[in-house]
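A.B. asks: Below are the structure tokens for one structure; questions will follow.
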Amino acid sequence: LEAEPLGLEAGSLFTFRIEARDNDAVSGPKVGASGTFSLRVVTEDELRAELLRREQEQRMEFERLLRDQQKLLENTRAFLAAIKDAGASALSDTERRQLSDSEKKQRLVGNRCIAIAERFAAILAEVENNKLEDAETTARARLRGRIIEPLHLLARRGVLQAADLLDIARKAATQPANDARPGRAALTEAAAEQEKITGIMRNILKNMVKWEGYQEAVTLLREVLKAQRHVSDETIREYKKRIEKIFDE
């Protein structure tokens, strides 16, 4: 639904419902209706400020998630140190419980990555639906290509692989044989995978910070241009291109 032709004023409420009529040729057409929806109409500046707030919120959540992932890597290295002697017995009961807990937390990292990706996808949808970016979709390239898709890929591959390796190590540690080599091999692979995950997450975080900075720069640009009403649309587009170039470097 294109709302612009309705001439809605900022601050007003847009209330609507959806109706659909079927083509029942036997007992006659029937009409179904949704519940009532109410949307508050905001200015572009208000919408941009709200989206920026949500982006910052998700970036801070991702920073906490990165710290959790780094702690999981440290724990795996500690487990490796505990069975560094190939002839030694496997992990203790306490260490096996801790390893099981690490596996669960590792899988939870994947779930949290997907949740953050979906929230950024919702932000992208609002940017596109409200036409806050040009048709060439800077937002799609930055958000989907550098944040949303990498988060989904990380959750589906790297995180699951690391969790599966931790599970293999845990099972190896419960075997009656007095050989720690299978568990150590799985833990070594898990630590390597977790190190890759941490690196990927740092890169995604860097892209989040860049996008946040880009949004802040655009907001500042809009404030400057408000004081210069005579500036042409072509000049505005040129300023935006320069901002994009800065954040692409």
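The values are calculated or read from the model by the stated rules, or taken from the named source; none is laboratory data. Note that the structure is predicted; figures quoted are calculated from it, not measured. Note: ideal-geometry Cβ built from the backbone for every residue, glycine included; neighbour counts use all protein chains shown. Ligands, DNA and RNA are excluded from the accessible area calculation, which covers all protein heavy atoms including side chains. Shrake-Rupley method; radii C 1.70, N 1.55, O 1.52, S 1.80 Å.
A.B. asks: Assess whether residue 48 counts as being open to solvent by less than 40 Å² (accessible area, probe 1.4 Å), within 25 Å of residue 222 (Cα to Cα) and of a type in the set (Lys, Arg). So that I can check it myself, show each step before the final result.
C.D. replies: Details: open to solvent by less than 40 Å² (accessible area, probe 1.4 Å): yes; within 25 Å of residue 222 (Cα to Cα): yes; of a type in the set (Lys, Arg): yes.
Taking the combined requirement at face value, the residue satisfies it.
A.B. asks: Return the total of residues in segment 205-222 being farther than 17 Å from residue 138 by Cα and surrounded by 15 or more Cβ atoms within 10 Å (Cβ to Cβ).
C.D. replies: Residues in segment 205-222 being farther than 17 Å from residue 138 by Cα and surrounded by 15 or more Cβ atoms within 10 Å (Cβ to Cβ): 1 in total.
A.B. asks: Let me ask something else about it. For segment 75-100, what are the residues that are open to solvent by 10 Å² or more (accessible area, probe 1.4 Å) and either at pLDDT 95 or above or of a type in the set (S, T, N, Q) (or both)?
C.D. replies: 75, 89, 92, 94, 98, 100
A.B. asks: Mind counting the residues in segment 29-67 that are without any contact (Cβ under 8 Å) to a residue 12 or more places away in the chain and touching a strand residue (DSSP E or B) at 6+ places or on another chain (Cβ under 9 Å)?
C.D. replies: Restricting attention to segment 29-67, the residues satisfying the condition of being without any contact (Cβ under 8 Å) to a residue 12 or more places away in the chain are 29-30, 50, 53, 57, 60, 64, 67.
With touching a strand residue (DSSP E or B) at 6+ places or on another chain (Cβ under 9 Å) added as a condition, the list becomes 29-30.
The total comes to 2.
A.B. asks: Might you check whether a residue that is within 30 Å of residue 182 (Cα to Cα), out of contact with any Gly (no Cβ under 9 Å at 6 or more places or on another chain) and either open to solvent by less than 80 Å² (accessible area, probe 1.4 Å) or not in a helix (DSSP H, G or I) (or both) occurs anywhere in segment 58-66? First the steps, then the outcome.
C.D. replies: Start the filter on segment 58-66 by keeping residues that are within 30 Å of residue 182 (Cα to Cα), which leaves 65-66.
Next, only the ones that are out of contact with any Gly (no Cβ under 9 Å at 6 or more places or on another chain) stay: 65-66.
Now drop any that are not either open to solvent by less than 80 Å² (accessible area, probe 1.4 Å) or not in a helix (DSSP H, G or I) (or both), which leaves 65-66.
Yes; the residues of segment 58-66 include at least one that is within 30 Å of residue 182 (Cα to Cα), out of contact with any Gly (no Cβ under 9 Å at 6 or more places or on another chain) and either open to solvent by less than 80 Å² (accessible area, probe 1.4 Å) or not in a helix (DSSP H, G or I) (or both).
A.B. asks: Can you work out which of the residues in segment 109-149 that are modelled with pLDDT of 90 or more, out of contact with any Lys or Arg (no Cβ under 9 Å at 6 or more places or on another chain) and open to solvent by 90 Å² or more (accessible area, probe 1.4 Å) is nearest to residue 66 (Cα to Cα)?
C.D. replies: Filtering first and then ranking leaves 111.
A.B. asks: Run down 165, 187 and say which single residue is touching a Phe, Trp or Tyr at 6+ places or on another chain (Cβ under 9 Å), of a type in the set (A, V, I, L, M, F, W, C) and either open to solvent by less than 40 Å² (accessible area, probe 1.4 Å) or in contact (Cβ under 8 Å) with a residue 40 or more places away in the chain (or both).
C.D. replies: When all the criteria are applied, what remains is 187.
A.B. asks: Same structure, new question: Within segment 150-188, take every residue that is among the charged types (D, E, K, R) and outside any loop (DSSP other than H, G, I, E, B) and give me the one that is modelled with the lowest pLDDT. Lay out the reasoning, then the answer.
C.D. replies: If we filter segment 150-188 for residues that are among the charged types (D, E, K, R), which is where we start, we get 156-157, 164, 167, 170-171, 179, 181, 184.
With the extra rule that they be outside any loop (DSSP other than H, G, I, E, B), the set shrinks to 156, 164, 167, 170-171, 181, 184.
On the way: 156: 95, 164: 96, 167: 92, 170: 84, 171: 84, 181: 73, 184: 82.
Here the answer is 181.
A.B. asks: Would you check if residue 15 is among the hydroxyl-bearing types (Ser, Thr, Tyr) and part of a strand (DSSP E or B)? Even if it seems obvious, please write down each step before you answer.
C.D. replies: On the way: among the hydroxyl-bearing types (Ser, Thr, Tyr): yes; part of a strand (DSSP E or B): yes.
Taking the combined requirement at face value, the residue satisfies it.
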